[in-house]
Structures are given as structure tokens and as C-alpha cells.
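Visitor: One structure coming up, written as C-alpha cells, with questions to follow.
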Amino acid sequence: MNRRVARVFLSALTALVTAASLTFATTSPASAIGRVTCSPNSDFVDAYGHDAGADNNDNHDYCWANAGTDEWGGGQYFLGWMIQLSTGNNVVQWHGDGRWQPDSPIAKWTVYTWPHYPDGIEVDGIKIY
């Protein structure tokens, strides 16, 4: 009987150690967000807008792929004012007014605009889930 108890105990201990090692050995993927060349009918996040520091209001498309967060600040980046956001095959939030917006991320295949702000909204980050 003692031998059987010892085997059950060792089996349980082995299962526990194996489960623990898998938990510690499994890591989450690194943030891989990156700017990409925009293309028609793409799966990319596409933000249409202009640089906050620019002398003119030439609008451009700026696109990202892969999950992660891209933040910039102080008007030191290419996109300061966003006029339209197309999520493509992504769930997305933008950072503006000191917080991630909207509270619930925007669903895939959604075009988001701000009709009350025809010149766009100030943005300093994009997050793709």
C-alpha cells in the first residue's frame, strides 16, 4: 500500500512540475506593430490626416500592421491630426486627450470619422489588438 501511495504522489508531483514549467516557459508575443506602406483594400489600420506641426494641411494616409502600441508625443511625429480611421482586419483604439479612445475598441472593418471636427482630432498613439 505504501508503494502505491508513493507512485500516486510522484505522478501528481510530476504533473504539477510539468504544468508549472509550461506556465513559466510560455511567453507572450512581443509587440510587433509597425508602419507599413498603405495599399487599397488592405487589412491594415489606415489613419488619414496631417502632421500637427506642418505649415500646410496636406493630408496623407498612414498605415500600421500587427498587434501592439505605437505612441508619439509633442507633435514630433508624422501624424498629429486624424480625419478618418479605417480599422481593416484589426480591433483598434487611438490615444488622444490623455487616454485611449474610445472606451471600447473599434471593431474590425470599421471606418471611423469625426463629422463635428472636419479638420480631425489630435492623436498621439495607435493601439492594435
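Visitor: Listed highest first by mean packing, meaning other Cβ atoms within 10 Å per residue, what order do 122-128, 45-51 come in?
Guide: 45-51, 122-128
Visitor: What ranking, highest mean first, results for peptides 103-115, 84-96, 59-71 when packing means the other Cβ atoms within 10 Å averaged over each residue?
Guide: 84-96, 59-71, 103-115
Visitor: Give, in nm to one decimal, the length gained when the segment between Asn89 and Trp114 is fully stretched (0.36 nm per residue of separation minus the Cα-Cα distance).
Guide: Length gained between Asn89 and Trp114: 6.9 nm.
Every number here is computed from the coordinates shown, using simple stated rules; none is lab data. In this text the structure is predicted, and so the values were computed from the model without any measurement. Methodologically, a virtual Cβ is constructed for each residue, glycine included, from the backbone with ideal geometry; neighbour enumeration extends over all protein chains shown.
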